[in-house]
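The values are calculated or read from the model by the stated rules, or taken from the named source; none is laboratory data. Values in this document were obtained by computation on a predicted structure and should not be read as measured data. Neighbour counts run over all protein chains shown; Cβ positions are idealised from the backbone, glycine included.
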């Protein structure tokens, strides 16, 4: 699949996903509502088959979990159509990380710190700024959580650096966590994979960040990991967006 076709396919997939997940969420809301009503009716009955109450309780728990997943997916998916536009990467990074991503509720109260090392001049390119901002916030949240796990009594601190060379932009996100185990260095990019307890994280952050990088002609990888922490590198080409295939409608107009 050529770059333009691949990019267009990804954009269409993202565009379709949001309304689809929204409809799934609506259906799950109905399931959850009716399961609660059914449980209430069951509690009023004098005689029930053995284990029936437990099954109803499990149904409600499963419906609640599914609704949480659907809502999380809606939060991750872009709220507006993807649009390529002239973008200053320096300003984009500053704006995306101006407010540190929220951490889990039982984290330390002191605000986390993000040290940014950015070029002194604008770095112009064509990009989907909303998608890149989402990727950066996902990487920052992942790094802050790793730093917090390693030193839970201290405010988490991470470093973000933007550099360019030979037409390529690189955004490095480093944390002071305990690193990623060797057998998980690729699995962490899989959708819905998480090492956290059930319900704490959806496991989509790194997956979405890698998808954003690839849509921009680049990739996301774990460059180093160990006791001193991990370094993720998101890179992509500083160039015009991939050429889109000509639509059939455009061809018909040309033919008159």
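Okay, residues lined up against (1) in contact with a helix residue (DSSP H, G or I) (Cβ under 6 Å, 6 or more places away or on another chain); (2) farther than 22 Å from residue 84 by Cα; (3) surrounded by fewer than 15 Cβ atoms within 10 Å (Cβ to Cβ):
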site	(1), (2), (3)
146	no, yes, no
162	yes, no, no
176	yes, yes, no
182	no, yes, yes
189	yes, yes, no
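Among the residues examined, residue 231 does not qualify as under 22 Å from residue 88 (Cβ atoms), at pLDDT 75 or above and in a strand (DSSP E or B).
Consider residue 112 carefully, then state whether it is under 19 Å from residue 229 (Cα atoms), touching a helix residue (DSSP H, G or I) at 6+ places or on another chain (Cβ under 6 Å) and modelled with pLDDT under 80. Answer is yes for this residue. Here residue 154 fulfils each of the conditions (1) surrounded by fewer than 17 Cβ atoms within 10 Å (Cβ to Cβ); (2) without any contact (Cβ under 8 Å) to a residue 40 or more places away in the chain apart from (2). Among the conditions (1) farther than 23 Å from residue 137 by Cα; (2) modelled with pLDDT of 75 or more, residue 93 misses just one, which is (1).
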